[in-house]
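Quick notes on the structure that follows.
The values are calculated or read from the model by the stated rules, or taken from the named source; none is laboratory data. Since the model is a prediction, treat every value here as computed from it, not as a measurement. Cβ placement follows ideal geometry from the backbone for every residue including glycine, while neighbour counts extend to all protein chains displayed. The protein model used for the area step is the full one, side chains on, heavy atoms only, and it has no ligands, DNA or RNA in it. Shrake-Rupley method; radii C 1.70, N 1.55, O 1.52, S 1.80 Å.
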Amino acid sequence: QVHLVESGGGLVQPGGSLRLSCAASGSVFSINAMGWYRQASGKQRELVAAFISDGSTNYADSVKGRFTISGDNAKNTVYLQMNSLKPEDTAVYYCNVFTSPFDYWGQGTYVTVSS
């Protein structure tokens, strides 16, 4: 079992920045991927950014150049720095850990981009 605790969401104006954090605990060995997904109202959940076990990172095209995923292995924590936020970034953001064959999800944190 992996337990994920997210923090850092909130309301921000367009063009602003937020930093999300996700701390993992439990069976955090043998993680295949760890990252962030989001789900906007009425839409499917989509990948935002993730670390892959081979050392690579994946980003959604819509966030490339604006969002940066980073991690602290000692703290089993992953961060998502979100800059130049747009109204279309408004969504519930979920932390995800994939340890084959299991997916673990955080409780979600709301990000609202509005003036």
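Residue by residue through segment 18-38, note down the ones that are open to solvent by 60 Å² or more (accessible area, probe 1.4 Å) and either acidic (Asp, Glu) or touching a Phe, Trp or Tyr at 6+ places or on another chain (Cβ under 8 Å) (or both).
Across segment 18-38, the qualifying residues are 19, 37.
Find the strands (runs of 3 or more DSSP E) located wholly in segment 7-115 whose residues include 1 or more that are under 12 Å from the mean Cα position of the chain (by Cα) and of a type in the set (Gly, Ala, Ser), and list them.
On the way: elements: 10-12, 18-26, 33-39, 46-52, 57-59, 67-72, 77-82, 91-99, 102-105, 109-113.
In segment 7-115, the matching strands (runs of 3 or more DSSP E) lie at 18-26, 33-39, 46-52, 67-72, 91-99.
Going residue by residue through segment 50-64, is there one that turns out to be in contact with a Ser or Thr (Cβ under 8 Å, 6 or more places away or on another chain) and either under 20 Å from residue 112 (Cα atoms) or without any contact (Cβ under 8 Å) to a residue 24 or more places away in the chain (or both)?
Checking segment 50-64: not a single residue is in contact with a Ser or Thr (Cβ under 8 Å, 6 or more places away or on another chain) and either under 20 Å from residue 112 (Cα atoms) or without any contact (Cβ under 8 Å) to a residue 24 or more places away in the chain (or both).
Tell me whether segment 90-108 contains one or more residues that are closer than 24 Å to residue 16 by Cα, out of contact with any strand residue (DSSP E or B) (no Cβ under 9 Å at 6 or more places or on another chain) and in contact (Cβ under 8 Å) with a residue 12 or more places away in the chain.
No: zero hits.
Of everything in segment 59-115, what is farther than 20 Å from residue 34 by Cβ, open to solvent by 80 Å² or more (accessible area, probe 1.4 Å) and either β-branched (Val, Ile, Thr) or in contact with a Leu (Cβ under 9 Å, 6 or more places away or on another chain) (or both)? Give them in sequence order.
110, the sole residue that qualifies.
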